[in-house]
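Right, one structure below, let's go through it.
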Amino acid sequence: MTAQATTAGTAKIPEQGQAPFLEQIALITYQNLVTIFRAPAALIPPLAISLFFLVIYNSTLGGAAAFIPDLGDNSYLGFILPLSIISASLSGAGIASQNLVRNIESGYFDKLLLTPISRSALLTGTIFSGAFILGLQAALVMGVAMLMGLRVATGLPGALAVIGMAVLLGLGFAGFTMSAALGSGSAAVTQSASFVFFPLTFLAPTFVPLALLSGWLRVAAQLNPITYVLEAMRAIINTGWEWQVIGGGVLACVILGLAMYLLTLFALRRRTSRK
């Protein structure tokens, strides 16, 4: 409770009038990041899971590189890395939402609703804090992959583009877990919501290209937004700036992010209507 009070003081909104919208977002984002970094141990498991996938899959499935076209100068590492980055986004999506649940349980969230802060800014700032954490995790995974011998075909701009795409995708995942937090107010339900998207990673061209899938799995992969994000990241890492493929990945991230943001707004309105 003391930590919450201290954090609240850090991100205080002026009582007279309403601060500019972007300033409100910045204050809420900062407040959430301060709280998250006070317990840095919570950041380790998602990162460890992603690195585990990267090392194990590259070691056990590395021989499959001979059957995968367009890997450029990379081994199977260049093909499997996007899966590890997306795993980091999935695993870490609930970090900001868990902070939101703590605020709800302590009553601090209700106090924020009584201030002149915009509710959209309240949600956006929380989502942005989660996206920042996911971007940090993606950068660390990318750095480890480079130490393992990864060569990004598009250089440093490409590596940054992959991290940026991970952040975009993370906005959607964070929005979903936030809607679960607002709807339930339960830490257990929010944590469970973080794993809802995991099956989608196996209904995608996870270990082989889409062209090698067949039957119902190929149909499911074509309908899966994660497929287009995987293919965009792989193009940037292994072949170059394939704008049509990259555009498909960015579009998938944007559609997912907007849909989850609207779901979060709906959950917030349902919660406040019960007050």
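The values are calculated or read from the model by the stated rules, or taken from the named source; none is laboratory data. Treat the numbers as computed from the prediction; the structure is a model and nothing was measured. Methodologically, a virtual Cβ is constructed for each residue, glycine included, from the backbone with ideal geometry; neighbour enumeration extends over all protein chains shown. Remember, those area values only see protein heavy atoms, side chains included, never the ligands or the DNA or RNA. Shrake-Rupley method; radii C 1.70, N 1.55, O 1.52, S 1.80 Å.
A few remarks follow.
- Separation in nanometres of the label points that stand 7 Å from Cα toward Cβ, at residue 52 and residue 140: 1.5
- The chain: calculated mean residue ellipticity at 222 nm from DSSP helix runs of at least 4, using -39500 (n - 2.57): -24500 deg cm²/dmol
- Integer Hz, Karplus 6.51/-1.76/1.60 couplings in order for region 99-109, x for Gly and Pro: 5, 4, 4, 4, 5, 5, 5, 7, x, 5, 5
- Estimated inter-spin distance, residue 254 and residue 110, nm [label 7 Å along Cα→Cβ]: 4.0
- For residue 108, solvent-accessible area (1.4 Å; no DNA, RNA or ligand), Å²: 30
- Virtual spin-label span in nm between residue 244 and residue 34, 7 Å along Cα→Cβ: 5.0
- A cut-off of 5 Å between modelled amide H atoms, ignoring neighbours fewer than 5 places along the same chain, links residue 76 with 65.
- Compactness of region 158-242 - radius of gyration and Dmax, Cα, Å: 15.2, 45
- Karplus (6.51, -1.76, 1.60) ³J(HN,Hα), θ = phi - 60°, over region 192-205, in Hz, Gly and Pro reported as x: 5, 4, 5, 9, 4, 7, 4, x, 5, 5, 9, 9, 9, x
- The accessible area of residue 241, taken with all protein chains in place and a 1.4 Å probe, comes to roughly 100 Å².
- Theoretical gain in end-to-end length, residue 210 to residue 41 [0.36 nm per residue, Cα-Cα removed]: 57.2 nm
- Length added when fully stretched, residue 22-residue 202, from 0.36 nm per residue minus Cα-Cα: 61.0 nm
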